[in-house]
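One structure is given below, encoded as structure tokens.
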Amino acid sequence: MSRARRRDLVLAVHPFTRGIAFTLFEGPLSPVDWGVKDIRGKQKNALALEATKRLVERLQPDVLVLQDFSGPHGRRARRIRRLQRLIGSHAEGQAIEVHRYGRKEIQECFKAVGAVTRYEIAQAIASQVHAFGHRLPPVRKIWNSEDARMSLFDAASLVMTFYCRTSPNSHEGA
């Protein structure tokens, strides 16, 4: 089977203010590797892109999934949007299939389990993927900054959306 057709390993990379989060799955509920990488310094994009390149080289994914920030709910800093484009371009240059999903597509896939907000989606993932169950942060108080672990769940939601939308017998509810 050619690399362009094989979809055994699906990697999602989710850049956020303090770094990148990633999840690698070999099936809809089968994570293989995951993590949150803290990126500090003046050249955050260069460092984050280099970290992503190392991930891609080490993990050898067949598919890369990124969040589409172009829609009305895709408010992200210019730096993050640029980093997303650089990551996508690098993956395409490595002949890796790239998919992008916005918040609306993610919410559609989790609608069947009653999850709409990011935190509800994270709860649904934690209940379905046991490896992530203990990583669910507490509900954020408005005076607290967001827990970096939420980005891990954002990455996982991208992978689960990929499986939801591309599976031949696709069913809602990721």
For the range 13-21, check the following and say yes or no: at least one residue is part of a helix (DSSP H, G or I), in contact with a Leu (Cβ under 6 Å, 6 or more places away or on another chain) and at pLDDT 95 or above. no
Tell me which residues, restricted to the range 58-95, are assigned to a helix (DSSP H, G or I) and under 16 Å from the mean Cα position of the chain (by Cα). Leu59, Ile80, Arg81, Leu83, Gln84, Arg85, Leu86, Ile87, Gly88, Ala91
Restricting to the range 86-117, name every residue that is within 17 Å of Val10 (Cα to Cα), β-branched (Val, Ile, Thr) and surrounded by fewer than 18 Cβ atoms within 10 Å (Cβ to Cβ). Val98
Kindly check whether there is at least one residue in the range 96-110 that is outside any loop (DSSP other than H, G, I, E, B), touching a strand residue (DSSP E or B) at 6+ places or on another chain (Cβ under 6 Å), at pLDDT below 95 and farther than 22 Å from Thr17 by Cβ. no
Consider the range 27-52. How many of its residues are more than 16 Å from Leu152 (Cα to Cα) and assigned to a strand (DSSP E or B)? 1
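Let's see how each residue does on (1) of a type in the set (Phe, Trp, Tyr); (2) in contact (Cβ under 8 Å) with a residue 12 or more places away in the chain:
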| residue | (1), (2) |
| --- | --- |
| Ala46 | no, no |
| Arg54 | no, no |
| Val63 | no, yes |
| Gln94 | no, yes |
| Tyr119 | yes, yes |
Criterion: crowded, with 18+ Cβ neighbours inside 10 Å, out of contact with any Cys (no Cβ under 9 Å at 6 or more places or on another chain) and in a helix (DSSP H, G or I) - qualifying residue of Leu55, Leu24: Leu55
In the range 146-174, the residues that are modelled with pLDDT of 80 or more, assigned to a loop (DSSP other than H, G, I, E, B) and closer than 16 Å to Gln123 by Cβ: Glu146, Asp147
Going through the range 138-165 one residue at a time, which ones are over 19 Å from Lys104 (Cα atoms) and within 17 Å of the chain's Cα centre (by Cα)? Glu146, Asp147, Ala148, Arg149
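The values are calculated or read from the model by the stated rules, or taken from the named source; none is laboratory data. Everything quoted here is computed from the prediction, not taken from an experiment. Glycine gets a Cβ as well: all are built from the backbone with ideal geometry, and neighbour counts include every protein chain shown.
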